[in-house]
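Take a look at the structure below.
The values are calculated or read from the model by the stated rules, or taken from the named source; none is laboratory data. Quick caveat, the model's predicted, so the values are computed rather than measured. Glycine also receives a Cβ, built like all others from the backbone with ideal geometry; neighbour counts cover every protein chain displayed.
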Amino acid sequence: MGELYTCKDVAERYGVQIITVWEWIRKKKLGAIKIGKEYRVSAEDIKAFERSRRTI
């Protein structure tokens, strides 16, 4: 699976608050897996998220 990132890591990467990352996950805009009580986002899910957000 590769490297996994916390919601905090993702929030810092995009300059948003953690709650925004949770919303992306809840709305299925960003893939994530739940480990215990916390979500982790794979590098592959981040790449897919970035591809889906590209504009032409």
Are any residues in region 16-35 within 8 Å of the chain's Cα centre (by Cα) and hydroxyl-bearing (Ser, Thr, Tyr), and if so, which ones? none
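Here's the yes/no breakdown for (1) at pLDDT 95 or above; (2) in contact with a Leu (Cβ under 9 Å, 6 or more places away or on another chain):
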| residue | (1), (2) |
| --- | --- |
| Asp9 | yes, no |
| Arg13 | yes, no |
| Ile18 | yes, no |
| Val21 | yes, yes |
| Leu30 | yes, no |
| Asp45 | yes, yes |
| Arg54 | no, no |
Scope region 8-28; condition under 14 Å from Ile46 (Cβ atoms) and among the aliphatic types (A, V, I, L, M); matching residues: Val10, Ala11, Val16, Val21, Ile25
Report, by residue number, each residue of region 36-49 that is over 17 Å from Ile18 (Cα atoms) and exposed (fewer than 11 other Cβ atoms within 10 Å of the Cβ). Gly36, Lys47
Note down all Cβ pairs under 9 Å where the first residue falls in region 1-23 and is in contact (Cβ under 8 Å) with a residue 12 or more places away in the chain and surrounded by 12 or more Cβ atoms within 10 Å (Cβ to Cβ), the second is among the hydroxyl-bearing types (Ser, Thr, Tyr) and assigned to a loop (DSSP other than H, G, I, E, B), and they're at least six residues apart or on different chains. none
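Would you check if Lys29 is out of contact with any strand residue (DSSP E or B) (no Cβ under 7 Å at 6 or more places or on another chain) and outside any helix (DSSP H, G or I)? Break it down into steps so the answer makes sense when it comes.
Working: out of contact with any strand residue (DSSP E or B) (no Cβ under 7 Å at 6 or more places or on another chain): yes; outside any helix (DSSP H, G or I): yes.
Yes, satisfied.
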